[in-house]
Amino acid sequence: MHKKLVLVVVGLIGFLWGCSGVKSGSVKMKSDSLGRRAACASGSLSCTPEDLGGRLFSGGAMLNSTEGYNITLIGASESVIEDPSQGMGGTIAFSLLGQTVFGSSYSAPGEDHFEGNPNITEMEFNFDYLDAEFTLTGTSGGGADDTWIVRTVYATTATADDVSGTMQKGDKLIKADGRTNFQWCNAGGCSDTRSAVASGIYQDAAIVGFSPPAQGNQNYVRFEVTLSTPLTPTFAQLDAGGITWVANFNVANAITFAATPATLGSRQAVLNAFQLEDDPANPSIQVALTIE
């Protein structure tokens, strides 16, 4: 069973016909449920991360008015805000532990979209990758006792300053806390170079095999997530601008292991056993959307 990964978001950026104009706002991303540097239990198959971050290309929400209004929540550039269904390469880095706050602009829906008090029940996100940080103790022979960061890739391809080469959709990479670069792994070991471990490379099979819907950006494994509680914004709220939308992720037990940490004795074993509860075919992420 997938655990709930609850997200409370801060800041909308939108486009489509029937808008009342471009407004300024801000987005805050945080979590009140992080593991706070508590080691994962050596006998447990689930764990709460100490931080969850990564890089985001776009995010949006659907106001379910009579005509429907797609509000782009976050965009890597002005062109992405105008049309997030095209392009690739996120520019928005975030950390829930660091409570990332960034400015934004959004195209507010016109007043005609608010007849009947419509609400927002769904959001979509295109992540380049997500990084989950956690600590293990009591592993087999102490061989995997460390603080680890595991990266999962959701874009067709992605590059980053902390990786030597190009990451591909579904790749899982790992590094110890304090190490500069992430590494790819297979059963034989880990390497800064993807080609060195290409045979049997560890990946997330659900992400590798995921086919994007016909509508939307084909370069990403898109997360279509349901709000835990529908948000009913008013025309006056969105038209006024200056809004802060707060995203508070509930990441309790968001990490699962295929084997208990007590049986893991190497970094490649940790990476192979790791999974973030984020199956794109049946997303476990929920979003609670609030406005400040």
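Here are a few things to note about the model shown:
- Using the 1.4 Å probe convention, the accessible area of segment 54-135 works out to 37 Å² per residue with neighbouring protein chains retained.
- Principal axis box of segment 219-284, alpha-carbon based, largest edge first, Å: 57, 24, 21
- Amide H contacts of residue 92 (H built 1.01 Å from N, under 5 Å, at least 5 apart or other chain): 56
- Secondary-structure-derived ellipticity at 222 nm for the chain, considering helices only, amounts to -1500 deg cm²/dmol, per-run term -39500 (n - 2.57) for DSSP H runs with n ≥ 4.
- Under-5 Å amide H pairs with residue 229, H placed in peptide plane, nonlocal only: 289
- Whole-percent carbon and sulfur share, accessible surface of segment 125-182, 1.4 Å: 39 percent
- Potential lengthening between residue 262 and residue 91 on full extension [0.36 nm per residue; Cα-Cα distance subtracted]: 57.8 nm
- Across segment 125-262, Cα-Cα distances exceeding 17 Å account for 69% of all pairs.
- Sorted peptide list for 185-196, 51-62, criterion being average Cβ within 10 angstrom, highest first: 51-62, 185-196
- Karplus 3J(HN,Hα) series, Hz, for segment 180-195 with 6.51 cos²θ - 1.76 cosθ + 1.60 (x for Gly, Pro): 6, 10, 6, 10, 8, 9, 9, 4, x, x, 10, 8, 5, 10, 4, 4
- Of 135, 166, 263, the one that fluctuates the most in a GNM where the chain has Cα springs shorter than 10 Å: 166
- Residue 161-residue 115 FRET efficiency (beta carbon distance; Förster radius 41 Å; 0.05 resolution): 0.30
- Across all directions, the average projected area of the convex hull around the alpha carbons of the chain is 14.4 nm².
- Note on segment 35-159: Rg/Rh from Cα positions, Kirkwood definition for Rh, rounded to two decimals, is 1.12.
- Accessible surface area normalised per residue over segment 175-292 is 41 Å², counting heavy atoms of protein chains with a 1.4 Å rolling probe.
- Centroid-to-centroid separation of segment 200-216 and segment 89-119 [C-alpha atoms, Å]: 26 Å
- 3J(HN,Hα) along segment 120-125: 9, 10, 8, 9, 10, 9 Hz, from the Karplus curve 6.51 cos²θ - 1.76 cosθ + 1.60 with θ = phi - 60°, whole Hz, x for Gly and Pro.
- Packing-based ranking, highest mean first, of 269-277, 199-207 given that Cβ atoms within 10 Å are counted: 269-277, 199-207
The values are calculated or read from the model by the stated rules, or taken from the named source; none is laboratory data. Model, not experiment: these values are computed from the prediction. Neighbour counts are summed over all protein chains in view; Cβ atoms, including those assigned to glycine, are modelled from backbone coordinates with ideal geometry. We work out accessible area using only protein heavy atoms, side chains counted, and drop any ligands, DNA or RNA first. Shrake-Rupley method; radii C 1.70, N 1.55, O 1.52, S 1.80 Å.
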